[in-house]
Amino acid sequence: MFKRNKHGIQVKSAEQLEKMRAAGLVVGRTLELLKRSVEPGMTPLDLDVIAEKAIRDEGAIPSFKGYQGFPATICASVNNEVVHGIPTEARKLREGDIISIDCGAILDGWHGDSAVTVPVGEVEPKLLELIRITEEAMWAGIRTLSPGRHLSDIGHAIERYVKSQGRFGIPPEYGGHGIGTEMHMDPWIANHGKAGRGPVMEAGMCLAIEPMVNLGSERTRVLGDDWTVVTVDGKPSAHFEHSVAVTHNGPWVLTALDGGKERLSQP
């Protein structure tokens, strides 16, 4: 039922890609709602409640909740938290914060996974620039998705773009992944490295492209909750992610409401 290539990477049929798209749209619509909802005074748990209701209202299941014991629907990472922040009501968002929201949903057995970083009210220009660079790095990686290219081309494009913008840290331990009937599948996709290496992309592969970029050093550590990853130097971090299908017509961004048309049409 599920085709895999010689590297064990799941390759979807056209019908299966449509199911992936349906799951991706649930996630995309949920993140759009969360982006509109973020404001000073809210707690990350407030956003989690909104996300769970939105996902379940569409007949889908939050894929993060209960995953390896994770207790929430979204990961909510504030300021120097890089990824995997647990939403709680112990902390209110303040004007000038940034929050990375990672969201996943399962619909009819197929997964969607996407993340955005959102400013809370008015924020410093350097934080807006960090957000811009991280999102642009994601799109640089997405643009490489084409049959015949190598998987390492993705990380190479991400790293090259980030380095072209100044001195920023790319945490080497974290990266993208395959996605389909499971949230995390082979292959793992680094956000750095040399081009032209590793397996060759094929039409029907679905990959989650997700750069994390730190305003300071690349070094990170995991807090005592065994989930939340923070920067060692305490400087802010941003995170963006889309689930994307490799097709003969170019990348199909499954978690973007327009399929990625607007951004992919830009030079």
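The values are calculated or read from the model by the stated rules, or taken from the named source; none is laboratory data. The structure displayed is predicted, hence computed values, not measured ones. Heads up, the Cβs are rebuilt from the backbone with ideal geometry, glycines too, and the neighbour counts pull from every protein chain shown.
Against the numbered list (1) closer than 15 Å to Cys206 by Cα; (2) at pLDDT below 95, Ser114 comes up short only at (2). Listed by first and then second residue, the pairs with beta-carbon distance under 8 Å, at least 6 apart or on different chains, first residue in segment 226-241 and closer than 20 Å to Gly176 by Cβ, second crowded, with 23+ Cβ neighbours inside 10 Å and among the basic types (Lys, Arg), form an empty list. Among the residues here, Gly224 qualifies as in a loop (DSSP other than H, G, I, E, B), over 29 Å from Gln266 (Cβ atoms) and among the small types (Gly, Ala, Ser). For segment 1-15, residues that are under 23 Å from the mean Cα position of the chain (by Cα) and either assigned to a strand (DSSP E or B) or crowded, with 21+ Cβ neighbours inside 10 Å (or both) total 4.
Scanning segment 20-44 for residues that are surrounded by fewer than 18 Cβ atoms within 10 Å (Cβ to Cβ) and touching a Pro at 6+ places or on another chain (Cβ under 8 Å) gives a single hit, Thr43.
Screening Ser146 against (1) assigned to a loop (DSSP other than H, G, I, E, B); (2) of a type outside the set (Lys, Arg); (3) touching a strand residue (DSSP E or B) at 6+ places or on another chain (Cβ under 9 Å) leaves a single unmet condition, (3). Among residues of segment 7-35 that are of a type outside the set (A, V, I, L, M), those with a beta-carbon under 6 Å from a residue that is surrounded by 16 or more Cβ atoms within 10 Å (Cβ to Cβ) and in a helix (DSSP H, G or I) at least six positions away or on a different chain give the pairs Thr30/Ala51; Thr30/Ala54; Thr30/Ile55. Filter segment 170-183 for residues that are in a loop (DSSP other than H, G, I, E, B) and either in contact (Cβ under 8 Å) with a residue 60 or more places away in the chain or under 12 Å from the mean Cα position of the chain (by Cα) (or both); which is farthest from Thr255 (Cα to Cα)? Only one residue fits best here, namely Pro171. Among the residues making up segment 51-75, those that are within 11 Å of Trp227 (Cα to Cα) and either among the aliphatic types (A, V, I, L, M) or surrounded by 14 or more Cβ atoms within 10 Å (Cβ to Cβ) (or both) are Phe70, Pro71, Cys75.
Summed over segment 1-54, the residues that are of a type outside the set (Gly, Ala, Ser) and farther than 30 Å from Val200 by Cβ give a count of 23. Hey, does segment 48-55 have a residue that's under 19 Å from the mean Cα position of the chain (by Cα), of a type in the set (Lys, Arg) and either outside any loop (DSSP other than H, G, I, E, B) or at pLDDT 95 or above (or both)? Checked segment 48-55: no residue is under 19 Å from the mean Cα position of the chain (by Cα), of a type in the set (Lys, Arg) and either outside any loop (DSSP other than H, G, I, E, B) or at pLDDT 95 or above (or both).
Residues in segment 157-169 include at least one that is part of a helix (DSSP H, G or I), in contact with a strand residue (DSSP E or B) (Cβ under 9 Å, 6 or more places away or on another chain) and among the hydrophobic types (A, V, I, L, M, F, W, C). Of the residues making up segment 227-256, those that are in contact with a Leu (Cβ under 7 Å, 6 or more places away or on another chain), assigned to a loop (DSSP other than H, G, I, E, B) and on the phi < 0 side of the Ramachandran plot are Lys235, Pro236, Val246, Pro251.
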